[in-house]
Amino acid sequence: MSSVNMLDNIRRRNTEEGDEDGNCAVGYTEDGTVDLKGNPILRSKRGGWKACSFIVVYEVFERMAYYGISSNLIIYLTTKLRQGTVTSSNNVTNWVGTIWMTPILGAYFADAVLGRYWTFIISAAIYLTGMCLLTLAVSLPVLKPPGCDSGTDNCKKASPLQLGVFFGALYTLAIGTGGTKPNISTIGADQFDDFDPKEKSQKLSFFNWWMFSIFFGTLFANTVLVYIQDNVGWSLGYGLPTLGLLISILIFLAGTPFYRHKVPSGSPFTKMAGVILAALKKWKLPVPTDPKQLYELDLAEYAKKGKHRIDSTATLRFLNKACVRTEAASTLPWTVTEVEETKQILRMIPILIATFVPSTMIAQISTLFVKQGTTLERNIGSFVIPPASLAGFVTLSMLICVVLYDRVFVRIMAKWTKNPRGISLLQRMGTGMVIHIIIMLVASFTDRYRLSVARDHGVVESGKQVPLSIFILLPQFILMGLADAFLEVAKIEFFYDQAPESMKSLGTSCSMTSLGVGSFFSSFLLSTVSRLTKRDNGNRGWILNNLNASHLDYYYAFFAVLNLLNFIFFLVMTKFYIYKAEVSDSMIILEEELKSTHYVEAKQQVASRFILT
C-alpha cells in the first residue's frame, strides 16, 4: 500500500463513518489503537472519557490500597515490630523504592511482550494476592507479632516466620504494582487520539484530572484508614483496602469493551542498546551532511504497521552513525526512526536525574514527618489524631491546587504565553522544585521551634510528648501538596508525552523510577547522616530513636541545600533539552494541503511529512 493510498483510505473510512466533511471525531482512530483482536476501532465506540471512567475508578481504589499500607507502615513497624527510627524508616523507603522501581519490568513486558492490557491484568492479580496475604499477616494469631507482657516493657520479638510472611506479602504486592503502575495511566492516555484535535485537547487535561481523581482514594486512606488502623485494628485497616482493590479490578474488567489498545512493538531496551552499540562500532565513519543519505524505510512500511516515521535531528548526532550504510555490513543498519526514538529517551535522562532529589523529599512524608507527629499533642477532646493522617492535607492541598491550576492558572497563562498548557512542562516541574526548597526550610524552622519547646519543658531526655499541637506541622504538609500539583503531575505528563510512541509505557515508568530512586536515596542519606553525626558528636546524632534529642532541623536544612543544588542542575539541563514535536502538527498540515487545488501533489508532500519529530 502506497502512502498516498493510505491517506485516501483513512479519509474514505472516516467519511463513511463520520460526517460529509470526513470529520475524524466520528471516524476511525488514526494513532494505531485497535481492539483486543487487533481490529481498527471507531472513536465513537471506544475510548474517550467513557473508557477513562472505568480506569479512573480503579485508580481511586488502588491508591486507597497503596496509601492505606504505606502511610501508616512506619507506625506498624515501630509499635508492632518494635523497630527503631532509622531501621523502620529505611524499611519503609526500601519497600516504597521497590514499589516504584518494579514498573521498569512492567513497562518492558507491556511494550515488548504482552501489551498494556494483559500486563495490567496479570499484575493486578499478583497485587491482590499480596494484599490478601498482608491482611492475613496482621490478622491470624499465628502470623501476628507477639505483644508485650502485661504491666511490663518486656516485649517479645516477632519470629522469622512472622517477619517472613509480613515482608513477603509487602514485596509480593510490590511486584504486582510493577505491572499496574506504568500501564494504568498509559492505558488511560491511550484512550485519546493525538491525531484528532478535540481528543488531543482533552488529553491535555487528562493528567490533571487523573491526579485529581486518584487522590480521593489517597485522602480516604490518609484519614479513615489510618484512624481505623490506630484505633480499631490492623485487620480491618488492611482488610478494607484489600476489598476495595478487588472491587476496582472488577470495575476495570467491566470497562474492557470500551478500551482502545496499542499493539506491543518489541523491547525498547534491546532497540536502544542495538542503536548505541551500532554507533560505537561505526565511530570512525563520518555522518552524511544530507540526512536523506541515512538509512530509512519508505513511509508506506510505517503506514502498514500503523506507526510513525521520524525525521533525523542534529541532537546527539553521534548516534546517527548507527543508520549509516556500509558495504561491509552483513545486515541492514538501524533506521533513522529507530535512532531518533533512542535519542528521545536519552534526552530525557538528565531531566529524570534532576527529579531524584525531590522524590527523596516525598519519601519524608511517610517516615520522618509522621514520626515528628508522634512527639506532639494530638488530642482534640477525646479524639486522638493519627500522625499519618496529616498526609491527608497533602492530598487536600493537591486536589485544590490541581483544580485551580487547570481551571484558572492555565487559562490565564495561555493567553500570555500562547501555550495551551499555560507554561511548559519543564517550567511547571521547575516551579515544583522551588517549592521543595521552601518546604525543607519551613520544616527545618518548625523542628527547631519544636526542639526549643522540648528543652524549655524538660522533655528532651525523657522523650515525652512536646506540649505543642501536631498542627504546627501543617505548613510543610500543605506545601508538599502544592509542590506535587506542579512537579508530580508535570513529571508524569512529561515522560509520557516526550517518550516515543512505541515506548510510552517505558516513558511512564521513568516518572515512577524517579520515586523509587528517591526512596532508596532517602534510605542511604538517613543511614549515612545518622552514622556520621553519631561518630562526630559522641553518639548524639541528628536522627535518634528519641526525636526530642535529635536534630531533624539540621537534617531538613541539609535537604534544603541539596534541593537548591539540584534545582541549579535542573536549570542547566533544561537549557539543552529539545521538546519532541507534536503529532497534531502533521494533522494540521494534512488537512490544509488535502484541501488545496493540487490535491495529488499535496498528498505526496504531506506523506513525506506525516511523521513524529
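The values are calculated or read from the model by the stated rules, or taken from the named source; none is laboratory data. Owing to the predicted nature of the structure, the values given are computational and were not obtained by experimental measurement. Note that each Cβ is placed from the backbone with ideal geometry, even for glycine, and that neighbours are counted across all protein chains shown. Only protein heavy atoms, including side chains, enter the accessible area calculation; ligands, DNA and RNA are left aside. Shrake-Rupley method; radii C 1.70, N 1.55, O 1.52, S 1.80 Å.
Below is a table of values for the structure above.
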| item | result |
| --- | --- |
| Leading residue by the ranking (surrounded by the fewest Cβ atoms within 10 Å (Cβ to Cβ)) among those in region 92-119 that are over 17 Å from the mean Cα position of the chain (by Cα) and of a type in the set (A, V, I, L, M) | VAL113 |
| Region 522-533 residues that are crowded, with 18+ Cβ neighbours inside 10 Å, paired with ones that are of a type in the set (Ser, Thr, Tyr) (beta carbon under 6 Å, 6 or more apart) | SER522/THR93; SER522/THR360; SER523/THR93; LEU526/SER89 |
| Residue list for region 461-477, filter: in a loop (DSSP other than H, G, I, E, B), among the small types (Gly, Ala, Ser) and surrounded by 14 or more Cβ atoms within 10 Å (Cβ to Cβ) | GLY463 |
| From THR315, THR331, residue being assigned to a loop (DSSP other than H, G, I, E, B) and modelled with pLDDT of 80 or more | THR315 |
| Criterion: modelled with pLDDT of 95 or more and closer than 30 Å to ASN91 by Cα - qualifying residue of PHE393, PHE356, PHE383, PHE369 | PHE356 |
| Selection within region 176-216 - under 24 Å from VAL96 (Cα atoms) and over 16 Å from the mean Cα position of the chain (by Cα) | PHE216 |
| Selection from region 243-262 of residues that are closer than 13 Å to ARG116 by Cβ and either without any contact (Cβ under 8 Å) to a residue 40 or more places away in the chain or in contact with a strand residue (DSSP E or B) (Cβ under 9 Å, 6 or more places away or on another chain) (or both) | ARG260, HIS261, LYS262 |
| Residues being in contact (Cβ under 8 Å) with a residue 60 or more places away in the chain, farther than 18 Å from SER505 by Cα and open to solvent by less than 10 Å² (accessible area, probe 1.4 Å) - total across region 167-194 | 2 |
| The listed residue being in contact (Cβ under 8 Å) with a residue 40 or more places away in the chain, assigned to a helix (DSSP H, G or I), surrounded by fewer than 23 Cβ atoms within 10 Å (Cβ to Cβ) and of a type in the set (Ser, Thr, Tyr), out of SER53, SER89 | SER53 |
| Residue check for SER502: among the hydroxyl-bearing types (Ser, Thr, Tyr), over 16 Å from THR355 (Cα atoms), touching a Ser or Thr at 6+ places or on another chain (Cβ under 6 Å) and part of a helix (DSSP H, G or I) | yes |
| Helices (runs of 4 or more DSSP H) lying entirely in region 367-460 (those with 2 or more residues that are open to solvent by 70 Å² or more (accessible area, probe 1.4 Å)) | 391-404, 410-417, 425-456 |
| Qualifying residue in region 485-503 (condition: more than 15 Å from THR367 (Cα to Cα) and free of Cβ contacts under 8 Å to residues at least 24 places away in the same chain) | no |
| Test: residue in region 136-152 that is closer than 21 Å to TYR496 by Cβ and touching a residue at least 60 places away in the same chain (Cβ under 8 Å) | no |
| Among the residues listed as TYR66, TYR76, the single one being in contact (Cβ under 8 Å) with a residue 24 or more places away in the chain, buried (at least 21 other Cβ atoms within 10 Å of the Cβ) and under 21 Å from THR513 (Cα atoms) | TYR66 |
| Search result, residues across region 40-50 that are open to solvent by less than 40 Å² (accessible area, probe 1.4 Å) and in a helix (DSSP H, G or I) | GLY48 |
| Considering residues of region 154-199 that are more than 30 Å from LEU42 (Cβ to Cβ) and not in a helix (DSSP H, G or I) only, the residue modelled with the lowest pLDDT | ASN154 |
| Test: residue in region 247-270 that is hydrophobic (A, V, I, L, M, F, W, C) and either more than 30 Å from THR129 (Cβ to Cβ) or touching a Leu at 6+ places or on another chain (Cβ under 6 Å) (or both) | no |
| Region 319-345, residues that are within 30 Å of GLY518 (Cβ to Cβ) and without any contact (Cβ under 8 Å) to a residue 40 or more places away in the chain | LYS343 |
| Unmet requirement for ASN566, which otherwise passes all of (1) buried (at least 19 other Cβ atoms within 10 Å of the Cβ); (2) modelled with pLDDT under 95; (3) among the polar types (S, T, N, Q) | (2) |
